[in-house]
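Undergrad: Attaching a single structure in structure tokens format; questions to follow.
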Amino acid sequence: MIGVRLVQKVSSTRAFAKVAPHVIPALDRAVHRLTRGKVLLSAQMLPGVILTSTGARSGLPRRAPLACMPEEGGGSWILVGSNFGRTGHPAWTGNLLARPDAEISWKGRDVPVTAVLLTGEERAAVWKALLAFWPPYAIYQDRVERQIRLFRLTPRS
């Protein structure tokens, strides 16, 4: 578990927050494409998806590799709009607010999903589970004045 703790410590630093948003998504996209959707580098530490949402203003497809927390039973996923503890909400969260129907690539298969922004007690319960799952989220939240957005993705029939 030393490796996980080291990654958690490094991912909690401000230097990581500056560099990671420019490096990790690009690497994830490249590896995901080369492996035909079977591998995400960042998913070696945390489960991950490639989210394809529709741009809130442009209407164009937007792809974002993201860490996720699969919920028990495997029927839904939680996405965290932490933006690595940076001040603004990530663009993909605005896209989901405007157009909640999206698609994820999960373990090499494409899954149409609907996103719901979590609020109130439901958000509080999920936030508690997220902190047990990946403690650096608490540090990200402490760095920003905004409330980090949490979305539950469920498969569309």
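Undergrad: How many nm is it between the label spots at Thr114 and Thr87, if each spot is 7 Å from the Cα in line with the beta carbon?
TA: 3.6 nm
Undergrad: How would Phe151, Phe84, Phe133 line up by accessible area, probe 1.4 Å, largest first?
TA: Phe133, Phe84, Phe151
Undergrad: When you have a sec, figure out the Kirkwood radius of the range 102-145 from all distinct Cα pair distances and drop it here in Å to one decimal?
TA: 12.6 Å
Undergrad: Further question: Treat the range 37-157 as a sphere of radius equal to its Kirkwood radius over Cα pairs and apply Stokes-Einstein at 37 °C in a medium of 0.692 mPa s; give the translational diffusion coefficient in µm²/s, rounded to a whole number.
TA: Using the Kirkwood radius from Cα pairs, D works out to 226 µm²/s.
Undergrad: Once the mean 1/r over all distinct Cα pairs of the range 74-132 is inverted, what Kirkwood radius in angstroms do you read off?
TA: Taking the inverse mean of 1/r over all distinct Cα pairs, the range 74-132 comes out at 13.0 Å.
Undergrad: Can I ask one more? Using a simple spin-label model with points 7 Å from Cα along the Cα→Cβ vector, what separation in nm is obtained for Arg143 and Glu122?
TA: A separation of 2.9 nm, rounded to one decimal place.
Undergrad: May I pose another question? Can you give the relative contact order of the range 93-137 as a percent, counting alpha carbon pairs under 8 Å and 6+ residues apart?
TA: Once normalised by length, the contact order is 24 percent.
Undergrad: Follow-up question, since we're still on this one. Sort Glu121, Glu145, Glu71 by heavy-atom solvent-accessible area, probe 1.4 angstrom, most to least.
TA: Glu145, Glu121, Glu71
The values are calculated or read from the model by the stated rules, or taken from the named source; none is laboratory data. Bear in mind the structure is a predicted one, so any value in this text is a computation, not a measurement. All Cβ positions, glycine included, derive from the backbone under ideal geometry; neighbour counts span all protein chains shown. The area values use the complete protein model at the heavy-atom level, side chains included, leaving out ligands, DNA and RNA. Shrake-Rupley method; radii C 1.70, N 1.55, O 1.52, S 1.80 Å.
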